[in-house]
Amino acid sequence: MKRNYIISVLLVCFFANFMLNAQSSSDVANYRMAERFSPTKISRMVFSTTVRPNWLSTGDKFWYNYRTSEGTFYYIVDLNSKSKRKLFDNHKMASMLTKITKDPYDYQHLPKMKLKFVKDDTAFQFDVTSTQDEIKNKKTDESDKKDTKDKKDDKEITKDKKKKGSKKKSKDRPKKKVFHLEYNLKTGILSEIVDWKEKKDDAKWANISPDGQTVIFARDYNLYWMDKDNYQKALKDEKDSTIVEHQLTKDGVQHYAYGGGYTKMVNDSEKKIKEESEKRRGVWIQWSPDSKKFAMVRSDRRKVKELWVIDVLKNPRPVLEPYRYQMPGEKEAPQYEMWVFDMEKRESDKIDVSKFADQSVWIHRANVTNKESIKDYVPSKWLSKSSDKIYFTRISRDLHKIDLCVADLNTGDVKVLIEERLNTYVETRSSFFINNEREIIHWSERDGWAHLYLSDTNGNIKKQLTSGAWHVQNIVDVDERNRVVYFIANGREKNENPYYVHLYRVNLDGSGLTLLNKGNYDTRIDMSDSKRYFINNYSRVNSVPASEIRDSRGNVVMKLETADLSNLFAAGYKFPEPFKAKAADGITDIYGVIYKPFDFDSTKTYPLIEYVYPGPQTEAVNTRFSSRMDNTDRLAQLGFVVITLGNRGGHPSRSKWYHNYGYGNLRDYGLADKKYVAEQLADRFNFIDINRVGITGHSGGGFMSTAALCQYPDFFKVAVSSAGNHENNIYNRWWSEKHHGVKEKKMDDGTSKFIYDIEKNSQLAKNLKGKLLLVTGDIDNNVHPGNTIRMANALIKANKRFDFFIMPGQRHGFGRQREYFFWLKADYFCKHLIGDGSISTDIFEMRRERKITSSKKER
């Protein structure tokens, strides 16, 4: 009997020990693996992944740099000769740089070089900052002394800092010598520019006419102008008393300005307000091609109500920061006017473009070519080649109605060229005017899919250029001479992810539709001005990014680069896996990606985390390889299976039905799909533990993850919700009214009243069962912290336990505290989904990154 008792005790102890060991092995998060793939470490493992062309002024040519684990290399590509060569030999460049600057370089470690091509692209110039101190000449030194003497306020501040034992200001430290260099492409010789004279960049406040003779700017909410000579004076000395400037308008006021102005803080002194308001500031205007006129949209925001955040970290005391912010349904909407200024007559005229209540208006801008974009200054011109007409678009507040219009500046008449009408929101893209502006190529979703149409200027459709169950993204360019349009589209190719984007061409009679970059990849393209060639960057989430040159018929001209991911794979990286599942209706296809731990063991089970963003303007699903891994690959390394997936009502690049599925139900529309897809994956894969499901997201994803936890409290167990717009009735009007819908009610007096009603996350607070962490930045002026605080208040009233964290001094993206937020999120999921409660006060993973040693025992 005694013997049996001893055996029983031993068996119980053995079993308990076995269970303890089994539990400890599965209940420990892999912090080390997650640390291995921090953004800082990723930057040392992933280098260039795309070719970004820098177009040259001569020929069909561009240069680019590409970084690998061997260093950074520079290339020049001549599309006409179909050639690619190195701009210079890295060994020789390092040697020449060392000789000139006296600082040592080698071929793998060249300084950062911002190249500027000169002399008809036969040479390029760049600057290098050396380790030498700059030697001032006597004249410059005396001038500096005079400037220092005149700046009494700065002098007093310096004295105060010295008393406190602080370091000298950086301006008091000796500056490092900058070498101005030029490399001759023909001779291969690098030389110092000894007679170099600094050319000041154009002032940020200057809007320069296409002919370069007139400069427009704002001061104290009004428009001013100066000529070229006076602008040159201003570039040398902003406070030159001989500068002559002329005032164009006098009725501009704060929030009903022509441009510029200063938004005062609550505790600003009158002196500061006056000083700031009188500074020259930039204006957003568009010039006629002949520089004789310019146009602008002036907004009246005087009735739009204020919102505030408090910057508690501001020195010497917290500051109340006000800004104008219209919430959905509010009647105090900004009003938009279109003004045209005639610089020859010095006259202005407000064009009557009114049609819809609380409408928005924008003026169409001329396209900028590659060669124009490399110039030091690119004037902003309106789309028409005539100085007597302006193309513009006006949109009703409910977004059900869009008019593409032209205004005749001689008569003031406005003509509607194209009308778009839908019962949900209408979207638009840039239009192309061809054939001396007698024909329009425009984008429309009028048949339920996004396609291209050719119309005349009387609104008559001449030809639907594309059609079918696929989506045109936008027009890339138009070859008028050959009457061909090049465009980006997706969803047309069979057996491909429908989000993969490709380049196509079609003739303007609707014939000759051709795919130009065939391949089961998502692509990004850059087309040359000649329209004869394009750069094709392509990848998937599970492939190495690469790039090539193709011609306008789709033929591969040359291979350019393949990304170097060797360091990443050496660290243990493994590609994620795309998947397809069904939405909760059992019909609609949903696409997503699975991210696993890199030490994945198929015999184990893992908690599941969904990283979400509901849309409707996008979905949080990668289609290409990305080095941004915090919310996916890196989170999985802790010991999770992470998935991203779309949902009905999500991405706009499918049918209009799919995109607008959530219209009128902006809180709950995507949740059923998130749940149902997770269940399907758990049925497919035994390694997913469907009883341990977490969900997380930022902004709209923060809103969605909290809603999911409260709508399906028995399914979703843990959520980390950051910067969420939990109360869409206090989020901005533009997003909320567009995607949820607002109803326009005509009143007896002819005015309109806009009615908005939406369900909020706070209404679900009573349903909470799982673990919820709410996070917000305290000066988030996009999604106001009030969204999160109101959700917290509702949870408190419902007697719920939850966690709440404020990121001090942070706006919507959390800025430099994003790494801290990652570990905050990691800890929360590890504790509540894995059961790892061994988290230390010190975030050792961040301390090691900053090269701070600790005597304490680390994980």
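Using alpha carbon coordinates only, what is the Rg to Rh ratio of region 484-556, with Rh defined as the Kirkwood radius?
Taking Rg over the Kirkwood Rh, I get 0.96.
Return the tail of the calculated pair distribution for the chain, meaning the percent of Cα-Cα pairs more than 40 Å apart.
Of the Cα pairs, 51 percent sit more than 40 Å apart.
Ranked from the most accessible area to the least, with a 1.4 Å probe and all protein chains present, what is the order of 627, 380? Don't jump to the answer; show the numbers that get you there.
Details: 627 55, 380 10 Å².
Highest to lowest solvent-accessible surface, that is 627, 380.
Ignoring ligands, DNA and RNA, what percent of the accessible area of region 764-811 is carbon or sulfur (1.4 Å)? Could the numbers behind the result be given before it?
Details: 1120 of 2230 Å².
Carbon and sulfur atoms account for 50 percent of the accessible area of region 764-811.
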Subject >> Protection proxy ranking, peptides 440-447, 325-332, average beta carbon neighbours within 10 Å, highest first >> reply: 440-447, 325-332
Subject >> Per residue solvent-accessible surface (Å²) - the chain, probe of 1.4 Å >> reply: 50 Å²
Subject >> Fraction of accessible area attributable to carbon and sulfur, region 444-595 (%, probe 1.4 Å) >> reply: 43 percent
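Which helices, taking whole DSSP H runs in the chain, have alpha carbons extending 27 angstrom or more along the helix axis plus mean Kyte-Doolittle at least -0.5?
Working: long enough: 2-26 (36 Å, 0.73).
Length and hydropathy pass: 2-26.
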**OP:** Rank these residues by their accessible area, most exposed first, probe 1.4 Å: 811, 429.
**Re:** 811, 429
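Counting only protein chains, not ligands or nucleic acids, how are 561, 679, 439 ordered by accessible area (probe 1.4 Å), most first? Walk me through the numbers on the way to the answer.
Working: 561 30, 679 55, 439 5 Å².
From most exposed to least exposed: 679, 561, 439.
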Original post:
Leaving out ligands, DNA and RNA, what percent of the accessible area of region 216-344 is carbon and sulfur, probe 1.4 Å?
Top reply: 50 percent
Original post:
In the full protein assembly as shown, how much of residue 409 is accessible to a 1.4 Å probe, in Å² to the nearest 10?
Top reply: 30 Å²
**OP:** Mind ranking 509-516, 274-281 by how tightly packed they are, going by the mean number of other C-beta atoms within 10 angstrom, highest first?
**Re:** 274-281, 509-516
Subject >> Residue-averaged 222 nm ellipticity for the chain, from DSSP H runs of 4+ at -39500 (n - 2.57), nearest 500 >> reply: -5500 deg cm²/dmol
Subject >> Heavy atoms of residue 373 accessible to a 1.4 Å probe, total area in Å² rounded to 10 >> reply: 70 Å²
**OP:** Show me 191-203, 70-82, 780-792 ranked by packing, highest mean number of other Cβ atoms within 10 Å first.
**Re:** 780-792, 70-82, 191-203
Subject >> Separation between Cα centres of region 764-800 and region 282-315, rounded to whole Å >> reply: 33 Å
**OP:** Any chance you could list P(r) for region 619-707, counting all Cα-Cα pairs in 5 angstrom bins from zero, rounded to whole %?
**Re:** 3, 11, 21, 24, 21, 14, 6, 1
**OP:** Leaving ligands, DNA and RNA out of it, work out the accessible area of residue 58 with a 1.4 Å probe and give it in Å² to the nearest 10.
**Re:** 40 Å²
Original post:
Residues with amide H under 5 Å of residue 293's amide H, sequence separation 5 or more or different chain, H placed in the peptide plane at 1.01 Å from N; which?
Top reply: 288, 343
Original post:
Given H placed on each backbone N at 1.01 Å, which residues far from residue 609 in sequence or on other chains put an amide H within less than 5 Å of it?
Top reply: 641, 642, 643, 694
Original post:
When N counts the residues of region 252-369, how does its alpha-carbon radius of gyration compare numerically with 2.2 N^0.38 Å, as a ratio?
Top reply: 1.31
Original post:
Using all Cα-Cα distances in region 353-399, what percent lands in each 10 angstrom bin from 0 up to the longest?
Top reply: 23, 35, 28, 13, 0
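The values are calculated or read from the model by the stated rules, or taken from the named source; none is laboratory data. If you're wondering where the values come from, they're calculated on a predicted model, not measured in any experiment. In this analysis, Cβ positions are derived from the backbone assuming ideal geometry, glycine residues included, and neighbour counts consider all displayed protein chains. The protein model used for the area step is the full one, side chains on, heavy atoms only, and it has no ligands, DNA or RNA in it. Shrake-Rupley method; radii C 1.70, N 1.55, O 1.52, S 1.80 Å.
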